[in-house]
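Here the structure is laid out as structure tokens; the discussion comes afterwards.
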Amino acid sequence: MSDGQLKAYYVYSPWLRIFHWLMVMSIVVLFFTGLYIGNPFFIGSQGLEPTYAFSERLSMETVRFIHFAAAFILVCAFVLRVYGFVVNKGDRLLPRFWTKQHWAWTMDIMLHYMLLRASHKPYLRNPLARMSYLGVYFLIGIEAITGFTMYVMVDPKSIWGQSFSLVNSLLINEYYVHLIHHYVAWLIIIFAVVHIYMAVRADFMEREGEISSMFSGVKFLAHQPVDLGEIATEEDSLVRYWDNIARDSRPHSG
């Protein structure tokens, strides 16, 4: 039941939010530097060879360093994601695939997105989105494995080079490793575009603070979310803090 007033729920821990924005920045840098590395289309104004990007100061070596640095940041940032998963229920990594309730909630969301249902139940964490996040983490894992495989092949006789040579063997050769790395990167960008669209759509249509929640960790719902017991608790101190702010900001009579 609800009295129609918005209530704040603390969902995302600082660890997940930090990871989210590190992931966003890393993926943007990785994508554009990766495009350049694969096809150096920027040629300096002084007739420089394609191995020089933009200027003598930003050589292909520099672009590759930026690409690899962003890759290491992204992989290390995932530690924050796992830590958030451990310490905060709202950061739960794995949807409950083994429950009928999960699939019922997912179908509820899908019917709404297909315009076959006017609205869906209130959720703190969209079950369909949670599955898509798990999918994109899997894609990032593929990028990490194939990327580091190409990275260590600079010195194939090293310990790391010999270790990752198995990946080259499983995927035929280094050319196919590169091909997989390239196309999976595009899949991640397509996911990012859809994700941004869905987040903006949810903010405009449902007004639950979908976008702002990645800054504050808080979402606002007028009705009690059906996944409340699984994700969060109404007794959280930050929830009470936000409720007090909302109450104090209302105009007083008299």
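Throughout, read-outs are computed from the coordinates displayed, never taken from laboratory work. These figures come from a predicted structure and were not determined experimentally. So basically every Cβ, Gly included, is an ideal-geometry build from the backbone, and we count neighbours across all protein chains shown.
Quickly work out the VAL75-to-MET198 label distance, labels modelled 7 Å from Cα along the C-beta direction, and quote it in nm with one decimal. For the pair MET198/VAL75, the computed spacing is 2.8 nm.
Spin-label model, MET60 to TYR183: label points 7 Å out along the Cα-to-beta-carbon direction sit 2.5 nm apart.
Exposure proxy shown here: for THR146, THR62, THR99, the number of other Cβ atoms within 10 Å sets the order, fewest to most, as THR99, THR62, THR146.
Panel order for PHE72, PHE19, by other beta carbons found within 10 Å of each beta carbon, from fewest to most: PHE72, PHE19.
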